[in-house]
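The values are calculated or read from the model by the stated rules, or taken from the named source; none is laboratory data. Bear in mind the structure is a predicted one, so any value in this text is a computation, not a measurement. Glycine gets a Cβ as well: all are built from the backbone with ideal geometry, and neighbour counts include every protein chain shown.
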Amino acid sequence: MIGRTRRERSPAGHLALVPGLRIASLSWQRLSAWYRHANRLGDLSAAAICLLPALLVLGIFSVYPMVYAGYLSLVRWDGLAKQRPFVGLANYRRLWESGDLRNSIEATLIYAAGVTAGGLAISLVIAVLLESLTRGRTLYRTLYFLPVITATVAVAVVWKLLLDPGSGYVNVVLRNLGMTAPSWLRDPTWAMPAVVIVGVWKRLGFNIVVYLAGLQSVPREVQEAAAIDGASAFATFRDVTLPLLAPTTLLLAIMSVIDAFLVFDQIYIMTGGGPIGRTEVLGLLLYRQAFRYFDLGGAAAIGWVMFGMIAGISLIQWRLYGAGTREVGT
């Protein structure tokens with residue numbers, strides 16, 4: 001009788017009777033065994049202590065706001081009311097059915113494609129030309145990099161004045177050349193190309209500097225071997241230099257896409273999202289939903305749409321470039 005009572009009160013007996021506690025015990029045992037194996041050199045604890053401040057900052061200022069925005073996207077809230085009724089995916093559906101979200105996604109994709117493709121192509125050409133220079137390379141690199149460190153607000157204001165249909169210098173030059181001067185930022189046809197040109201110009205210097213660093217890391221022996229084999233300069237660039245620049249191109253493409261998806265101040269100042277919504281990108285739509293209509297649930301939903309699109313496009317780019325592991329000539 002005493003032995004039976006002891007068996008019933010033993011921890012093993014409780015674990016046998018409660019499957020959840022038994023599973024938790026097994027999980028803890030496996031975790032302890034993994035920790036002892038990983039910490040056999042005694043450096044895992046030190047690494048965890050060193051990483052803890054950075055992980056806390058990351059969690060408080062990045063992970064928590066992202067999760068909280070996901071929660072807000074599922075409720076209806078104006079930022080002041082105490083009640084936050086749960087609406088599920090109604091915010092997403094409402095924005096999609098109204099056409100605002102679809103229009104902003106289309107405008108954002110067009111802007112991102114133009115800035116990324118145009119910026120990479122032009123900067124690569126300029127970087128190759130600068131690489132061939134023997135003198136003045138530092139001067140040109142500095143001149144091209146100046147727009148990067150210039151405030152976006154100042155750049156947008158200056159370009160808005162330059163593209164003014166009446167007194168802008170761009171149209172004045174076009175009229176003096178006998179060409180038709182478009183209305184640029186007021187014309188639904190030309191508004192998006194205009195802001196894309198400004199976006200490419202603003203980021204051009206950064207891409208050039210990074211491409212120059214990539215070109216300088218290309219082994220000269222490989223290029224000389226291709227030349228000895230009879231390859232032309234263009235064939236050497238296409239089959240040797242360009243594949244070796246794949247990791248650099250991948251980095252710049254991902255950064256350009258992220259930067260293009262987050263554009264706000266440039267378009268807000270130059271066009272305000274017009275004309276007739278042709279340049280209303282996702283960032284501008286998010287701003288209006290949050291601070292003009294006080295629809296924080298809808299704004300959070302737009303933010304999660306932006307996050308999903310950036311993550312998806314970056315993953316596709318990563319897969320297409322093979323994570324920067326492509327071989328020369330492939």
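Pairs linking a residue in segment 167-193 that is without any contact (Cβ under 8 Å) to a residue 12 or more places away in the chain to a residue that is in a loop (DSSP other than H, G, I, E, B) and among the small types (Gly, Ala, Ser), with Cβ atoms under 7 Å and 6 or more positions apart or on different chains, are LEU174/ALA181; ARG175/ALA181; TRP190/SER183. Taking segment 84-137 as the range and being within 17 Å of the chain's Cα centre (by Cα) and polar (S, T, N, Q) as the test, the residues that pass are SER104, THR108, THR116. So which residues in segment 159-171 are under 23 Å from ALA107 (Cβ atoms) and either outside the structural domain of LEU212 (by TED's automatic domain parsing) or in a helix (DSSP H, G or I) (or both)? Answer for segment 159-171, where residues must be under 23 Å from ALA107 (Cβ atoms) and either outside the structural domain of LEU212 (by TED's automatic domain parsing) or in a helix (DSSP H, G or I) (or both): TRP159, LYS160, LEU162, VAL170.
Within segment 183-205, can you find the residues that are among the hydrophobic types (A, V, I, L, M, F, W, C) and under 14 Å from ALA107 (Cα atoms)? Matches in segment 183-205: TRP190, ALA191, MET192, ALA194, VAL195, VAL196.
Restricting attention to segment 172-219, the residues that are assigned to a loop (DSSP other than H, G, I, E, B) and among the small types (Gly, Ala, Ser) total 4.
Being of a type in the set (Phe, Trp, Tyr), assigned to a helix (DSSP H, G or I), in the same structural domain as VAL157 (by TED's automatic domain parsing) and in contact (Cβ under 8 Å) with a residue 24 or more places away in the chain is a property that does not hold for PHE294.
Considering only residues in segment 274-294 that are among the β-branched types (Val, Ile, Thr) and surrounded by 19 or more Cβ atoms within 10 Å (Cβ to Cβ), the one that is nearest to VAL305 (Cα to Cα) turns out to be VAL281.
Selection of helices (runs of 4 or more DSSP H) fully inside segment 10-110 by the criterion of at least 2 residues being out of contact with any Lys or Arg (no Cβ under 7 Å at 6 or more places or on another chain) and at pLDDT below 65 returns 11-17, 19-38. VAL148 - would you say it is hydrophobic (A, V, I, L, M, F, W, C) and either without any contact (Cβ under 8 Å) to a residue 24 or more places away in the chain or surrounded by 17 or more Cβ atoms within 10 Å (Cβ to Cβ) (or both)? Here the answer is no, as VAL148 does not meet what is asked. Within segment 209-221, being more than 25 Å from PRO147 (Cα to Cα) and either loosely packed, with under 14 Cβ neighbours inside 10 Å or touching a strand residue (DSSP E or B) at 6+ places or on another chain (Cβ under 9 Å) (or both) holds for SER217, PRO219, ARG220, GLU221. The residue list VAL155, VAL128 contains one member that is in a helix (DSSP H, G or I) and farther than 24 Å from TYR268 by Cβ, which is VAL128. Evaluated against (1) at pLDDT 90 or above; (2) part of a helix (DSSP H, G or I); (3) closer than 22 Å to GLU106 by Cβ, ILE313 falls short on exactly one condition, (1). For segment 221-266, taking the residues that are over 26 Å from the mean Cα position of the chain (by Cα) and not in a helix (DSSP H, G or I), the one that is nearest to SER123 (Cα to Cα) is identified as SER232. Among the criteria (1) in a helix (DSSP H, G or I); (2) in contact (Cβ under 8 Å) with a residue 40 or more places away in the chain, the one LEU286 does not fulfil is (2). Out of the residues in segment 222-254 that are of a type in the set (Val, Ile, Thr) and over 24 Å from ARG137 (Cβ atoms), state the one that is surrounded by the most Cβ atoms within 10 Å (Cβ to Cβ). Here the answer is ILE254.
Taken residue by residue, segment 304-312 has at least one member that is surrounded by fewer than 19 Cβ atoms within 10 Å (Cβ to Cβ), closer than 18 Å to ARG94 by Cβ and among the small types (Gly, Ala, Ser).
Just one of (1) more than 27 Å from the chain's Cα centre (by Cα); (2) within 30 Å of ALA90 (Cα to Cα) fails for THR279. It is (1).
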